[in-house]
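Asker: Pasting a structure below so you can have a look.
The values are calculated or read from the model by the stated rules, or taken from the named source; none is laboratory data. If you're wondering where the values come from, they're calculated on a predicted model, not measured in any experiment. Cβ sites come from the backbone with ideal geometry, for glycine too, and all protein chains shown count toward neighbours. To get the accessible areas, we keep the full protein, side chains included, count just its heavy atoms, and leave off ligands, DNA and RNA. Shrake-Rupley method; radii C 1.70, N 1.55, O 1.52, S 1.80 Å.
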Amino acid sequence: MTQSAAAQKPPATPRRLDPEDAQIALAEVQERLRRQQLVADLVHRQEEGDAKATLVEDLVHRQHEAELKTLLDGLHPADIAFILESLPKDERQAIWKLVSPEHDADVLLEVEDWVRESLIEAMDRQDLVAATGNMDADELADLAPDLPPDVVAEVQKGLTEEERAQLLEAMGYPEDSVGAIMDFEMVRVREDVTLEVVLRYLRRLHELPDHTDQIFVVDRQDKLQGILPLSRLLVSEPETEVRAVMNSDFLALNPLDSDADAAGAFERYDLVSAPVMDDQGRLIGRVTIADVVDVMREDSQEQALSRAGLQEEDIFAPVSTALRNRAPWLLFNLCTAATASFVASQFEGTVSQIVILAFLMSIVAGIGGNSGNQTMTLIIRALAMGRITGRNLWQLVKRELFVTLLVGLCGSLVAALFAWVISHSISIALVMMAAMICNMLVGASVGVLVPMLRARFGKDPAMGSSVLLTFATDSLGFFIFLGLATLFLL
């Protein structure tokens, strides 16, 4: 490049990462929507049929729409998706109509499932076909369950035979499998060509597939022979054959492997991409770090919701939908709380004689629950990472109980001192100390057993775990504390 050409080139304008950018854009969108609604309310207060007021409303409405469209056009599709997820349904639909058609496909892929359904409902058939017509097979497979069947059929007509086969293959794998998240864009070469030939081939491509850090070496039957890292391709002599520099020792995934297992492998081996092979050893796709990050994020969100007994829902969903989602576990929690109260009521005589126990027993239950929650969190994470086996299970249980015992001894000394200060009774302090240690051990035991048993029977280990833990530590905590008080204080 000549000096004059370089001088005419505009300076680079890097976009710096700022998590608040999307929130600022959301605030601007909400403010413009508020102003638009304010104008509409003022116009409606005018005399009915006032043509001038109606004209003013129409002009202001168009101005606000133009400002919103300009704002949206300058945002990344991921930021637009964030804004749509953060708005009530009516406002979401209004903003969605202003999104540029060229961003429709990217936004649909970025938004959460519960938002995507409402966006697709608001689009007519032609818009859906236009938005999905240029998608890759793996991307279309992600959206296919939410799309009307006639739209999927129409889009399939525009695919090549190879793309149609890839789409059907991707749609045939279970939702949480590697096959469901793999993509089909990758670079393949033969082992008997030189690196110079490979470089010439790469130059003919418009661009490399995203997250390409290695080239896959296959034979004529598409069986994977090895991988050629781009770093090795660039530093090796051009006359060298691929077979001389490729890696024959590599990690490959099966399309039926769990996507969580694949995410664990990426984390463990610091992978950027990994090939996917069928049972015959043929290369059928690849998984990239972008796919894995999505899996990790979704698993993390599902686990956080599951522990509270919730399923993913639109935060602006109708009340009836929220009730169906939340009521079952809340009712179960009500039953567990009633059980704990019933246990406490059986020691009414003890509490009536030693009133201070009523103030102390909540501490025993609370600390037991917190201790069990720590253990349960560790167990659920270890299960998700595949670190718990039949051989190390008992060792893990003993370790958790021992750690809980030591922590309980330290914490119970503080609790006993507090009980003595407010009651001036050594006996109450000792009962407090013993009850706290016992209930913390109960919490640790439940924290291990509940996730393990649910995983053993193929259930989500985190689902409702906190509710079950609270039930155990409250009921048994009250029983242990008040029972010891009845035995040793009366």
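Asker: Would you mind calculating the relative contact order of the stretch 19-177 from Cα pairs under 8 angstrom and at least 6 residues apart, reporting the percent as a whole number?
Answerer: 18 percent
Asker: Let me ask something else. Can you list residues from other chains, or at least 5 along the same chain, whose modelled amide H is less than 5 Å from the amide H of Leu253?
Answerer: Under 5 Å from the amide H of Leu253: Val276, Met277.
Asker: Using the Cα centre of the chain as origin and beta-carbon charges of +1 (Lys, Arg) and -1 (Asp, Glu), tell me which of Gln395, Ala40, Ala244 is placed farthest towards the positive end of the dipole.
Answerer: Gln395
Asker: With labels modelled as points extended 7 Å from the Cα through the Cβ direction, what inter-label distance (nm, one decimal) is found for Phe332 paired with Ala382?
Answerer: Result for the modelled spin labels: 2.4 nm.
Asker: Starting at the first residue of the stretch 256-263, write each ³J(HN,Hα) from the Karplus equation 6.51 cos²θ - 1.76 cosθ + 1.60 with θ = phi - 60°, in whole Hz, x for Gly and Pro.
Answerer: Coupling constants for the stretch 256-263: 8, 5, 5, 5, 5, 5, 5, 4 Hz.
Asker: Hey, another quick one. Pop out the Kirkwood hydrodynamic radius of the chain from its pairwise C-alpha distances, inverse of mean 1/r, in Å to one decimal.
Answerer: Evaluated over the chain, this radius sits at 28.2 Å.
Asker: For the stretch 351-480, what Kirkwood radius comes out of the mean inverse Cα-Cα distance, in Å?
Answerer: Averaging 1/r across every pair of different Cα atoms and inverting gives 15.3 Å.
Asker: What are the ³J(HN,Hα) couplings of the stretch 335-340, residue after residue, when phi is run through the Karplus curve with 6.51, -1.76, 1.60 and θ = phi - 60°? Round to Hz, x for glycine and proline.
Answerer: Computed from phi, the couplings for the stretch 335-340 are 5, 5, 5, 5, 5, 4 Hz.
Asker: Here is a follow-up. Against the 2.2 N^0.38 Å scaling, with N counting residues, where does the stretch 83-240 land? I'd like the Cα-based Rg ratio to two decimal places.
Answerer: 1.31
Asker: The chain: longest stretch without exposed trypsin sites (Lys or Arg not before Pro) (DSSP loop, at most 16 other Cβ within 10 Å), sites themselves excluded?
Answerer: Values: sites that count: Arg15, Arg16, Arg45, Arg190, Arg220, Arg387, Arg391, Lys459.
Excluding the exposed sites themselves, the longest stretch runs over 221-386.
Asker: Extending each Cα 7 Å along its Cβ direction at Ser345 and Arg203, get the distance between those two points in nm, one decimal.
Answerer: Label-label distance for Ser345 and Arg203, simple model: 8.6 nm.
Asker: Follow-up question, since we're still on this one. So which GluC sites (Glu not before Pro) in the stretch 163-222 pass both tests, a DSSP loop state and at most 14 other Cβ atoms within 10 Å of the Cβ?
Answerer: Passing both the DSSP loop test and the Cβ count: Glu175, Glu207.
Asker: Using a simple spin-label model with points 7 Å from Cα along the Cα→Cβ vector, what separation in nm is obtained for Asn247 and Asp222?
Answerer: Label-label distance for Asn247 and Asp222, simple model: 2.4 nm.
Asker: Probe of 1.4 angstrom, ligands and nucleic acids ignored: what's the accessible area per residue over the stretch 319-489, in square angstrom?
Answerer: Normalised by residue count, the accessible surface of the stretch 319-489 is 54 Å².
Asker: Hey, what number do you get for the chain at 222 nm if only DSSP H runs of n ≥ 4 count, each worth -39500 (n - 2.57), divided across all residues, to the nearest 500?
Answerer: One gets -22000 deg cm²/dmol as the mean residue ellipticity at 222 nm.
Asker: Right, here's the next one. Keeping all protein chains in place, calculate the accessible area per residue for the stretch 169-290 (probe 1.4 angstrom), answer in Å². Could you put the intermediate results ahead of the total?
Answerer: Details: 6530 Å² over 122 residues.
Accessible area per residue: 54 Å².
Asker: Out of the total accessible area of the chain (probe 1.4 Å, heavy atoms of protein only), what percent is carbon and sulfur?
Answerer: In the chain, the share of accessible area belonging to carbon and sulfur is 56 percent.
Asker: Convert each backbone phi in the stretch 234-247 into a coupling constant with the Karplus relation 6.51 cos²θ - 1.76 cosθ + 1.60 (shift: θ = phi - 60°), then list the ³J(HN,Hα) values in order as whole Hz, x for Gly and Pro.
Answerer: 6, 9, 8, 5, x, 6, 6, 7, 4, 4, 7, 10, 6, 8
Asker: Rounded to the nearest 0.05, what FRET efficiency is calculated for Arg35 and Glu163 with R0 set to 41 Å and r the Cβ-Cβ distance?
Answerer: Details: r = 46 Å, r/R0 = 1.12.
After rounding, the FRET efficiency stands at 0.35.
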